[in-house]
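Report on one structure; see the data block that follows.
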2 protein chains.
Amino acid sequence: MQRHFDEELATLKEKILRMGAMVEEQIANAIKALVERDPELAQRVIENDHRVNAMDVQIDEDCLRLIALHQPMAGDLRFLTTAMKISTELERMSDLAENISERSIELNEEPQLKPYIDIPRMAQEALRMVKESLDAFVNRNSELARSVCKADDVIDDLNHQIFRELLSFMIEDPQTTTRAIRISFISKYLERIADHATNIAELVVYLVEGKIIRHMDV
Amino acid sequence: MQRHFDEELATLKEKILRMGAMVEEQIANAIKALVERDPELAQRVIENDHRVNAMDVQIDEDCLRLIALHQPMAGDLRFLTTAMKISTELERMSDLAENISERSIELNEEPQLKPYIDIPRMAQEALRMVKESLDAFVNRNSELARSVCKADDVIDDLNHQIFRELLSFMIEDPQTTTRAIRISFISKYLERIADHATNIAELVVYLVEGKIIRHMDV
């Protein structure tokens with residue numbers, strides 16, 4: 001029974017990593033579509049969101065089935081309820097990739113305001129956070145999880161920087177307002193993606209160390 | 001054992017409703033502080049957020065303890081894992097009430113841009129959604145939950161309307177840009193509070209009917 005349970009846990013971890021890879025691809029493609037002004041790719045991101053949603057539902061059901069069937073002890077039980085929460089966080093990230101794509105399709109209907117430099121950098125940082133938070137989960141690595149929480153500050157700084165720059169565009173030339181606001185939304189969506197990665201990392205620290213860092217400064 | 005479990009479930013429901021009431025108060029006070037230009041009240045909302053966080057942790061622990069101790073059957077198990085997810089949604093709403101308060105403190109440092117009419121209306125609608133989604137949960141009322149999901153459209157429309165109005169302010173007079181953007185953030189935070197209420201309502205429909213409406217049009 002225990003061996004069977006361990007095998008099922010391993011399969012679950014794989015599924016979560018697979019879902020994570022799908023979400024990373026969604027985010028990366030959303031930013032690629034923005035930078036390369038490729039509305040078809042943006043549309044594909046929007047259409048692929050349902051695949052991430054289906055994974056979320058499946059992981060949830062797997063966890064419930066494992067709990068009901070194996071009635072695991074405290075540690076494994078917490079691992080499974082954490083997995084359920086993590087798949088929700090991933091699903092929300094995919095929604096944000098969809099939001100990025102929507103804004104990028106709108107932006108594509110007007111001339112480009114400026115070349116994108118900080119947004120791809122921010123996306124790259126956010127993607128790293130997503131990947132590392134999931135690695136931290138499957139390997140129960142709370143040190144890695146704590147480093148993800150710290151990286152969130154970099155993202156917040158980039159978001160503020162982008163916002164201030166766009167604000168000056170808007171004040172100097174009101175004609176840029178609509179475009180600048182759309183770009184600031186995208187920056188905000190990336191910040192929220194990083195927040196979700198941070199949520200995952202905080203869940204991992206709690207899972208491994210039993211310490212709640214969710215609601216305090218790390 | 002079953003009677004004891006039922007009593008514990010009743011206590012858990014009470015706790016969730018109490019947490020919900022706290023979150024509603026946080027949101028209502030955040031908007032009151034904005035409209036009445038009362039930065040002290042806004043500050044109080046920010047300081048009270050940790051009380052909501054503590055409730056979230058406690059509800060989570062209660063659910064885990066109930067699952068481990070009583071090894072409930074499928075229906076009750078799903079109820080408990082849903083409760084864990086709902087307390088996360090409530091905690092996120094309180095974070096957004098905190099964000100509203102931060103913007104409202106900033107806005108208070110400058111003259112008022114315009115009287116607030118749509119924002120309080122939007123807040124009222126969002127508060128009703130929060131309340132009804134929780135009532136739907138404790139009473140397993142999927143019809144009420146479905147009506148919450150539908151109400152989300154009203155909020156989205158209000159958010160767009162507020163945004164368009166603020167955009168015209170910014171384009172006509174760039175001096176208003178910073179303030180207009182802060183107000184548009186508040187409108188966006190309220191929209192996200194309503195999204196969290198919708199998430200709760202969708203969880204309730206799934207709990208009661210076994211149907212996933214999370215990822216489709218209701």
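The values are calculated or read from the model by the stated rules, or taken from the named source; none is laboratory data. Note that the coordinates shown come from a computational prediction; the quantities given were computed from them, not determined experimentally. Glycine gets a Cβ as well: all are built from the backbone with ideal geometry, and neighbour counts include every protein chain shown. Just so you know, the surface numbers come from the protein's heavy atoms only, side chains and all, with ligands and any DNA or RNA stripped out. Shrake-Rupley method; radii C 1.70, N 1.55, O 1.52, S 1.80 Å.
D for the protein assembly as shown, whole µm²/s, Stokes-Einstein with Kirkwood Rh over alpha-carbon pairs at 37 °C and 0.692 mPa s: what number?
146 µm²/s
Quickly estimate the mean residue ellipticity at 222 nm for chain B, helices only: each DSSP H run with n ≥ 4 gives -39500 (n - 2.57), and the total goes over all residues, rounded to 500.
-30500 deg cm²/dmol
Under 10 Å, Cα contacts only: if you run a Gaussian network model on chain B, which one of B:R182, B:R103, B:R121 comes out with the highest mean-square fluctuation?
Result: B:R121 has the largest fluctuation of those listed.
Pick out which of A:I200, A:I27, A:I67 has the largest mean-square fluctuation in a Gaussian network model of chain A, springs linking Cα atoms closer than 10 Å.
Result for chain A, Cα springs under 10 Å: A:I67 fluctuates most.
B:R37 to B:D6: extension gain in nm, 0.36 nm per residue of separation minus the Cα-Cα distance?
6.6 nm
For the charge dipole of segment A:1-135, defined by +1 on Lys and Arg C-beta atoms and -1 on Asp and Glu C-beta atoms about the Cα centroid, which residue among A:V52, A:C63, A:Q112 has the Cα displaced farthest towards the positive pole?
Checked the options; the winner is A:C63.
Using a 1.4 Å probe on the protein chains only, how many percent of the accessible area of the protein assembly as shown belongs to carbon and sulfur?
49 percent
Checking the a/c ratio against 1.5 first, then a/b against b/c, what shape does the Cα gyration tensor give for segment A:43-102?
Prolate is the answer for segment A:43-102, as a/c is 1.5 or above and a/b outweighs b/c.
Using a 7 Å offset from the Cα along the Cα-to-Cβ direction at both B:R121 and A:K15, what is the distance between the two label points in nm, to one decimal?
In this crude label model, B:R121 to A:K15 measures out at 4.5 nm.
Nm distances between the label at A:V35 and the same-position labels in the remaining copies, 7 Å along Cα→Cβ, shortest first?
4.6
What total accessible surface area, summed over both chains, is buried at the interface between chains B and A, computed with a 1.4 Å probe and given in Å² to the nearest 100?
For B against A, buried area totals roughly 3300 Å².
Note down the nm distance, to one decimal, between modelled labels 7 Å out along Cα→Cβ at A:R128 and at B:A28.
Placing both labels 7 Å beyond Cα along the Cβ direction yields 4.6 nm.
Assign unit charges at the C-beta atoms only (+1 for Lys and Arg, -1 for Asp and Glu), then state the dipole size of the protein assembly as shown relative to its Cα centre in Debye, rounded to the nearest 20.
540 debye
Quick one: what do you get for chain B if you divide its Cα Rg by 2.2 N^0.38 Å?
Chain B yields a ratio of 1.11.
Counting only heavy atoms of the protein chains, get the accessible area per residue of chain A (1.4 Å probe) and round it to a whole Å² value.
43 Å²
Report which residues of segment B:178-201 become buried by 10 Å² or more of accessible surface when going from the isolated chain to the complete set of protein chains (1.4 Å probe; DNA, RNA and ligands ignored).
B:T178, B:I181, B:F185, B:K188, B:Y189, B:R192, B:N199
Quick one: Cα centre-to-centre distance for segment A:1-29 and segment B:69-128, in angstrom?
Between the Cα centre of segment A:1-29 and that of segment B:69-128, the gap is 30 Å.
What dipole magnitude, in Debye to the nearest 20, does segment A:2-209 give about its Cα centre under +1 on Lys/Arg Cβ and -1 on Asp/Glu Cβ?
220 debye
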